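Visitor: I have a structure here, written as C-alpha cells, and I will follow up with some questions on it.
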Amino acid sequence: DGGITQSPKYLFRKEGQNVTLSCEQNLNHDAMYWYRQDPGQGLRLIYYSQIVNDFQKGDIAEGYSVSREKKESFPLTVTSAQKNPTAFYLCASSTQTSSNEQFFGPGTRLTVL
Amino acid sequence: KNQVEQSPQSLIILEGKNCTLQCNYTVSPFSNLRWYKQDTGRGPVSLTIMTFSENTKSNGRYTATLDADTKQSSLHITASQLSDSASYICVVTSDSARKLIFGTGTRLQVFP
C-alpha cells in the first residue's frame with residue numbers, strides 16, 4: 001500500500017518545548033517537503049529536500065529544523081524558537097520530473113498549550 | 001510578485017446543482033496549474049493538472065479550464081454530491097524555481 005504517512009495526527013505541546021513531526025513515504029520519491037497551513041492562508045513552504053542528506057529553507061524556515069538521513073523519511077522539528085507554532089502541518093513528496101506533482105500526507109495538527 | 005487568488009472564498013450549494021470556482025494568477029514564468037481537493041483535516045489530493053498548451057481537463061464530474069492569456073482558471077463541478085464538500089485549492093508552478101504557489105482555497109459546502 002503505497003503512500004505518504006504522517007504521525008501523530010494530533011499533537012499538543014507546552015510552550016518552550018521542542019517537538020518532532022514524522023513523515024514517511026514509500027513512493028520512492030526523491031523530493032520531500034514540509035508546509036504549514038493556517039486558516040485563510042495558502043500553504044507556506046517551511047523546508048524541502050531534493051535528495052538524501054540535503055535540504056533547503058523555504059519561505060518560513062525560522063524556528064524549524066529538518067533532517068533527511070533516509071530517502072523515505074523527512075522529520076520536522078518545531079523548536080521553542082517558533083513563536084506561533086499552532087497550525088496544521090503537511091508533508092509532501094514528489095519525483096524530480098518537470099510536472100513536479102506533489103503528493104500530500106494526511107497532516108498533523110499541532111496545538112501549543 | 002507571484003500570487004494566486006481564488007474566488008469565492010466560500011460557497012454553499014444544494015446537492016445536485018452545478019458550481020464554478022475561479023482562480024486568477026500572476027505567476028511568471030508559468031509551468032502548470034493544478035486543482036487540489038482538501039477534505040477537512042486531511043491532506044490535499046490532486047484533481048487536475050494543466051500545462052500552458054491545455055485549456056481544459058476533466059476528471060469525472062470535475063472540469064478545469066485554463067486561459068493562459070488572461071491567466072485565469074476555473075473548476076466546474078457538475079451535479080454536486082455531499083462528498084464534494086471540501087476546500088478546493090488552485091496551485092500554480094513557477095517554472096523558474098519549480099516552486100508551487102498556493103491559493104487560499106474556496107470552501108465548498110453541499111447541503112441535501
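The values are calculated or read from the model by the stated rules, or taken from the named source; none is laboratory data. The structure presented is a predicted model; accordingly, all values stated were derived computationally and were not measured. Positions of Cβ are backbone-derived with ideal geometry, glycine not excepted, and every protein chain shown enters the neighbour counts. These accessible areas exclude ligands, DNA and RNA; they are computed on the full protein's heavy atoms, side chains included. Shrake-Rupley method; radii C 1.70, N 1.55, O 1.52, S 1.80 Å.
Visitor: Can you give the average number of partner chain beta-carbon atoms within 10 Å of each beta-carbon in peptide B:38-44, as a whole number?
Guide: 6
Visitor: Just to check I understand the Karplus step: with θ = phi - 60° and J = 6.51 cos²θ - 1.76 cosθ + 1.60, what whole-Hz values come out for segment A:19-30, glycine and proline as x?
Guide: Using θ = phi - 60°, the values come out as 8, 10, 9, 9, 9, 10, 9, 10, 8, 6, 7, 7 Hz.
Visitor: Given the C-alpha centroids of segment B:1-67 and segment B:69-108, what is the distance between them in whole angstrom?
Guide: Their Cα centres are 2 Å away from one another.
Visitor: Within the P(r) computed for the protein assembly as shown, what percentage of the Cα pairs occupies the region above 33 Å?
Guide: 16
Visitor: What accessible area per residue comes out for segment B:18-112, rounded to a whole number of Å², with a 1.4 Å probe?
Guide: Value for segment B:18-112: 43 Å² per residue.
Visitor: Still on this structure, I have one more. For the protein assembly as shown, which cysteines have no second Cys with its Cβ under 4.7 Å from theirs?
Guide: Lacking a cysteine Cβ partner under 4.7 Å: B:Cys19.
Visitor: In 10 Å bins starting at 0, how do the alpha-carbon pair distances of chain A split up by percent?
Guide: 15, 51, 29, 5, 0
Visitor: Which value in nm describes the separation of the simple spin-label points at B:Val45 and B:Thr70, placed 7 Å from the Cα toward the beta carbon?
Guide: Taking the two extended label points, one gets 3.1 nm.
Visitor: Another question, then. Give me the aspartates and glutamates in straight-line cross-link reach of B:Lys99: C-alpha distance below 17 Å, same-chain residues under 8 apart excluded.
Guide: The reachable aspartates and glutamates, counting only those whose Cα sits under 17 Å from B:Lys99, are A:Asp30, A:Asp59, A:Glu101, B:Glu5.
Visitor: OK, next. Work out the mean other chain Cβ neighbour count within 10 Å for the residues of B:101-108 and drop it here as an integer.
Guide: 3
Visitor: Same structure again: Between Rg and the Kirkwood Rh of segment B:10-78, both from Cα atoms, what is the Rg to Rh ratio?
Guide: So for segment B:10-78, dividing Rg by the Kirkwood Rh gives 0.98.
Visitor: Now for a separate question. How large is log10 I(q)/I(0) at q = 0.13 Å⁻¹ when the Debye formula is applied to the Cα atoms of segment B:31-112, each weighted equally and without solvent?
Guide: -0.40
Visitor: Rounded to whole Å, give me the distance from the Cα center of segment A:1-31 to that of segment A:61-112.
Guide: Result: 7 Å between the Cα centres.
Visitor: Chains A and B: what accessible area do they bury, summed, in square angstrom to the nearest 100, with a 1.4 Å probe?
Guide: Separately minus together, A and B give about 1500 Å² buried.
Visitor: Next up: Considering only protein heavy atoms and a 1.4 Å probe, what is the carbon-and-sulfur percentage of the accessible area of chain A?
Guide: Reported share for carbon and sulfur atoms: 48 percent.
Visitor: Averaged across A:31-42, how many Cβ atoms of other chains sit within 10 Å of each residue's Cβ atom?
Guide: 3
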